[in-house]
Amino acid sequence: MSNTPPASSASPAPVASEHIDLKARDVSFSWEDTPLHWLPGDPFANHTINVLHLLLPAGERWFVHVYKQVLPYITDERLREDVVGFIGQEAMHASAHDDVLPHLKRLGLDPTPYTAQIDWLFEKLLGDRTLPPGAPRKWWLMERVAMIAAIEHYTAFLGNWILNAEELDRRGADPMMLDLLRWHGAEEVEHRSVAFDLFMHLDGTYRRRARTWATAFTALVFLWQRGSRYFMEHDASLPPGSKASVGQFYRSGRKGTLPATGAMLRSIPRYLSRSYHPSQEGSTAQAVAYLASSPGANGGFHGTDGGVRP
């Protein structure tokens with residue numbers, strides 16, 4: 001891209017261009033045959049991944065809201081097209097994960113108390129503020145742009161992980177849920193550079209990148225462990241007193257049903273490196289290949305209401 005970061009920031013070092021035009025895919029998933037424990041034998045990993053359905057709808061609607069405000073500031077036409085494609089994909093992600101929540105409630109796990117807190121976080125704490133026009137209002141907008149770039153580093157990391165998480169297949173994970181997660185993960189890998197390129201185009205200062213990474217990482221860890229605890233404690237099919245713990249996360253990572261703790265920790269210095277660029281993470285070719293074969297993204301996945309389900 002032709003966007004040039006300010007002189008105060010080091011230029012990233014992208015790999016050979018894999019740029020493709022981004023588009024929102026019309027997906028369809030049906031949940032009536034998906035059990036609460038869609039990953040047999042590992043309820044903790046099952047519910048830790050289920051936290052995505054709680055966090056993502058509000059978070060990705062927030063991405064869309066912020067980026068619509070940013071569009072007038074973009075002077076690079078190709079980047080603008082990428083951001084518009086990103087907005088379309090994120091809106092579809094929010095809708096698809098939103099559709100899982102009523103199914104969880106029908107199975108006896110009401111996510112409403114937790115999602116109400118998430119909505120407050122994104123709509124109030126991280127929402128628009130009553131600030132005077134000019135520098136203060138733009139500062140808050142740039143803070144959120146930088147925060148989204150940091151979050152997208154982790155969504156791309158998770159997307160790359162889920163595309164390669166063969167242990168989930170070996171353990172008999174529900175094919176509908178696995179396709180939802182891999183379709184979403186593949187699009188996160190596909191558009192992994194957009195948020196960072198936008199931040200570099202509009203600001204690019206290393207101090208802001210590091211500061212907002214710390215905020216985003218801390219918030220993600222806090223919200224994720226809180227969501228895991230909520231699901232484990234409110235799942236009536238589990239023994240009384242079932243809890244989520246760091247030790248369980250580590251053990252599930254060792255088994256391959258969650259990302260490995262070491263891999264997650266190694267992703268931190270990569271993002272904080274001055275030579276970081278998201279194109280160095282994951283494979284666009286792998287993501288596009290999955291999207292071309294995804295049943296949910298290609299009209300081949302239907303539920304018991306009259307279709308074929310593998």
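The values are calculated or read from the model by the stated rules, or taken from the named source; none is laboratory data. Predicted, not measured: the structure shown is a model, and the values here were computed from it. All Cβ positions, glycine included, derive from the backbone under ideal geometry; neighbour counts span all protein chains shown. Remember, those area values only see protein heavy atoms, side chains included, never the ligands or the DNA or RNA. Shrake-Rupley method; radii C 1.70, N 1.55, O 1.52, S 1.80 Å.
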The lone condition residue 200 fails out of (1) in a helix (DSSP H, G or I); (2) open to solvent by less than 20 Å² (accessible area, probe 1.4 Å); (3) in contact with a helix residue (DSSP H, G or I) (Cβ under 7 Å, 6 or more places away or on another chain) is (3)
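How many of the residues making up the stretch 195-250 are acidic (Asp, Glu) and touching a Leu at 6+ places or on another chain (Cβ under 7 Å)?
2
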Name the residues in the stretch 220-241 that are in contact (Cβ under 8 Å) with a residue 60 or more places away in the chain and among the small types (Gly, Ala, Ser), would you? 227, 228, 236, 237
Of all residues being of a type outside the set (Gly, Ala, Ser) and not in a helix (DSSP H, G or I) in the stretch 205-237, which is most open to solvent (accessible area, probe 1.4 Å)? Just the residue, please. 205
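Please verify whether residue 246 is β-branched (Val, Ile, Thr) and free of Cβ contacts under 8 Å to residues at least 40 places away in the same chain, treating the condition exactly as stated. Step through it out loud before you land on a result.
Working: β-branched (Val, Ile, Thr): yes; free of Cβ contacts under 8 Å to residues at least 40 places away in the same chain: yes.
Considered against the rule, which asks whether it is β-branched (Val, Ile, Thr) and free of Cβ contacts under 8 Å to residues at least 40 places away in the same chain, residue 246 comes out as yes.
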Is it the case that residue 59 is in contact (Cβ under 8 Å) with a residue 40 or more places away in the chain and at positive phi? no
Which members of the stretch 120-162 meet the condition of being of a type in the set (Asp, Glu), open to solvent by 10 Å² or more (accessible area, probe 1.4 Å) and either in contact with a helix residue (DSSP H, G or I) (Cβ under 6 Å, 6 or more places away or on another chain) or assigned to a helix (DSSP H, G or I) (or both)? 123, 143
Would a scan of the stretch 197-208 turn up a residue that is modelled with pLDDT of 95 or more and of a type in the set (Ser, Thr, Tyr)? yes
